[in-house]
Amino acid sequence: MPANLQSIFNEIGDPDVFSVRLEEESAATSTSLAAALAMGRTPTQRFCDRWEKRVDKEMDPVRLNRIEFWVYYLRQALGIVESLTSETIGACIVGEGTETLVPNPLKAQLKIVAFAFDVIQRAAQTFRDNLGVCRANRREIEIQVAQCIELVDFILPSKRDDVYLLVQTKVENAADEGVPVTNAQRSLTRAERFRKEGKWKRAYQNLCAAYRQIGE
């Protein structure tokens, strides 16, 4: 059981997924750019920033189904054992000489374990659902970047960073798969330079070019 639980935690790769805090801590990111962008962004934006790569490389669906089936199987087995376990047990209190009914500690332990598995299963499903929100939001942006539709939204602070991170991630993922990205990297570098200069429209045009040049 502990080994299988460790496998689930490793598969997801972030202990915060299983956190029960209502208010999240400050977004922790692996790059200085993402850390700079974290300020003033919504919880959805911060979550999607952190898991940008996972949106493309999601958990293998067969692997996820096996995990869900394992949790379901174990939860049902625990439920059966719990239903067959007495709420109380007889105990002989020292000096009394008679049997007294006391709460059965095994019953409480089974309930705690079952509760833990319910929480784990729900946390994993919530994580999957949240990635679905990121995927839906990004799909809309990606379609517009692919067509290089110059909407005013894409030069606003709330949108321009999302566009940059999307194209950057696409280029990095393609490179990881061995797809040629030399031309795309050059356009991405130019886009980053224009962003630093505050030339958002030209930055966006170079991001469109970088997206189109993946594979060239």
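Here are the numbers for the structure shown:
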{"read-out": "Length added when fully stretched, residue 102-residue 189, from 0.36 nm per residue minus Cα-Cα", "value": "24.2 nm"}
{"read-out": "Where a label projected 7 Å from the Cα of residue 159 along Cα→Cβ would reach, residues of the stretch 106-145 with amide N under 13 Å", "value": "140-145"}
{"read-out": "Relative contact order %, the stretch 147-216, counting alpha carbon pairs below 8 Å whose residues are six or more apart", "value": "39"}
{"read-out": "Cβ-defined net charge surrounding residue 179, 12 Å radius [Lys, Arg +1; Asp, Glu -1]", "value": "-3"}
{"read-out": "Gyration tensor (alpha-carbon) shape descriptor, the stretch 147-216, a/c threshold 1.5", "value": "prolate"}
{"read-out": "For residue 89, residues with placed amide H under 5 Å, excluding near neighbours", "value": "102, 104"}
{"read-out": "Spin-label zone in the stretch 132-163 - amide nitrogen under 14 Å from a point set 7 Å from the Cα of residue 196 along the C-beta vector", "value": "none"}
{"read-out": "Environment charge at residue 210 (Cβ cut-off 12 Å; Lys +1, Arg +1, Asp -1, Glu -1)", "value": "+1"}
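Here, each number is a calculation from the coordinates, and none is a lab measurement. Please read all numbers here as calculations on a predicted model, not as lab measurements. Please note: Cβ atoms are built from the backbone with ideal geometry, for glycine as well, and neighbour counts cover all protein chains shown.
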